[in-house]
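Report on the structure given below.
The values are calculated or read from the model by the stated rules, or taken from the named source; none is laboratory data. Small disclaimer: the values here were computed from a predicted structure and weren't measured. FYI the Cβ positions are ideal-geometry reconstructions off the backbone, even for glycines, and counts take in every protein chain you see. SASA here: full protein model, heavy atoms, side chains in, ligands and nucleic acids out. Shrake-Rupley method; radii C 1.70, N 1.55, O 1.52, S 1.80 Å.
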Amino acid sequence: MKKWLFMVCLLACTLGAQAYEKGDMTLGLAAVYSPLALGTDFGEMNVDDQNASIAHDAKLGKHGMGAELQALYFLNERVGVGLSVADQYFAKDLASGWQLNTRTRMRNLMAVGHVFLTPQSTYKLYVPLGMGLAKTDFSMDFSPLGDSKKHFNYTGFAYYVGLGVEREISDRFVLALEGRYNANRFHDSATRDNGDHVTVYPRANFMSVLLRVVYKL
């Protein structure tokens, strides 16, 4: 009996949901949270003072908070393509190596896609993909060293890949939870007040978690 109950519950969770169809369109608004971790692939970049021969890592700031607006058009039940715009802010924090305050704002515009692995399931698993441009504004406060704050700006190639799950909550609305790995190229330089040339590079990569409300148009 328990085995049959388990099978019935499993079927209820994996069947009975309406799949997307060709021509469907959705509009989604997501809250974005990006926890940072040590290591240049998870929220840090390199900062080099070339005159003083000093090289350290610096975090983007505190954990990031932001929002994303995304529109999708479905080619079939498994594939949706579209565009997204996002804005995220990493508040002031102490850099791990330089011991100076840093903060970052990142905005991006991307071509995106969702590839659904279980298109007819109640809980629809999908792979989110994105590729486009990220505009990154990273600032470091050198004032403890007698300098002013310096801004480093770069607009360049960015992409993400992840895993998500959707659940219908009504005929028109869907709730989605998504995890991503974000890869962003980053390179810029500035001259400190004492004449030292400082370079930041080569990337600003991090993980993100998104909670999205989707409206079916």
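For the reader, a short list of remarks on this structure follows.
- Qualifying positions in the stretch 57-71 - among the aliphatic types (A, V, I, L, M) and buried (at least 22 other Cβ atoms within 10 Å of the Cβ): Ala58, Leu60
- Among the residues listed as Ala158, Ala204, Ala134, the single one being open to solvent by less than 70 Å² (accessible area, probe 1.4 Å), in contact (Cβ under 8 Å) with a residue 40 or more places away in the chain, of a type in the set (A, V, I, L, M) and within 24 Å of Ala52 (Cα to Cα): Ala204
- Verdict on Val209 being over 21 Å from Asp48 (Cα atoms), in contact (Cβ under 8 Å) with a residue 60 or more places away in the chain and open to solvent by 50 Å² or more (accessible area, probe 1.4 Å): yes
- Considering (1) touching a Lys or Arg at 6+ places or on another chain (Cβ under 6 Å); (2) surrounded by 18 or more Cβ atoms within 10 Å (Cβ to Cβ); (3) under 19 Å from Leu29 (Cα atoms), the lone condition that Val174 does not fulfil carries the number (1).
- Which numbered condition Val32 misses (of (1) at pLDDT 95 or above; (2) more than 17 Å from Asn184 (Cβ to Cβ)): (2)
- Output for the stretch 18-56, where each listed residue is closer than 18 Å to Val174 by Cα, over 19 Å from the mean Cα position of the chain (by Cα) and surrounded by fewer than 15 Cβ atoms within 10 Å (Cβ to Cβ): Gln18, Glu21, Lys22, Gly23, Met25
- Matching residues, the stretch 97-116, being part of a loop (DSSP other than H, G, I, E, B) and open to solvent by 50 Å² or more (accessible area, probe 1.4 Å): Gln99
- Tally, over the stretch 46-94, of residues that are farther than 30 Å from Gly195 by Cα and in a strand (DSSP E or B): 21
- Within the stretch 72-88, being surrounded by 17 or more Cβ atoms within 10 Å (Cβ to Cβ) and within 22 Å of Ala37 (Cα to Cα) holds for Ala86, Gln88.
Condition check ((1) modelled with pLDDT of 95 or more; (2) in contact with a Ser or Thr (Cβ under 7 Å, 6 or more places away or on another chain); (3) polar (S, T, N, Q)) across all residues:
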| position | (1), (2), (3) |
| --- | --- |
| Gln50 | no, yes, yes |
| Asp57 | no, yes, no |
| Ala67 | yes, no, no |
| Gln70 | yes, yes, yes |
| Tyr73 | yes, no, no |
| Ser84 | yes, no, yes |
| Asp93 | no, yes, no |
| Leu109 | yes, no, no |
| Gln120 | no, no, yes |
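- Residue check, Leu100 farther than 15 Å from Val214 by Cα, touching a strand residue (DSSP E or B) at 6+ places or on another chain (Cβ under 8 Å), touching a residue at least 40 places away in the same chain (Cβ under 8 Å) and not acidic (Asp, Glu): yes
- Selection count where residues are touching a strand residue (DSSP E or B) at 6+ places or on another chain (Cβ under 6 Å), surrounded by fewer than 20 Cβ atoms within 10 Å (Cβ to Cβ) and either at positive phi or at pLDDT 90 or above (or both), scope the stretch 137-149: 3
- The number of residues in the stretch 137-152 that are farther than 21 Å from Met207 by Cα, touching a residue at least 24 places away in the same chain (Cβ under 8 Å) and part of a strand (DSSP E or B) comes to 5.
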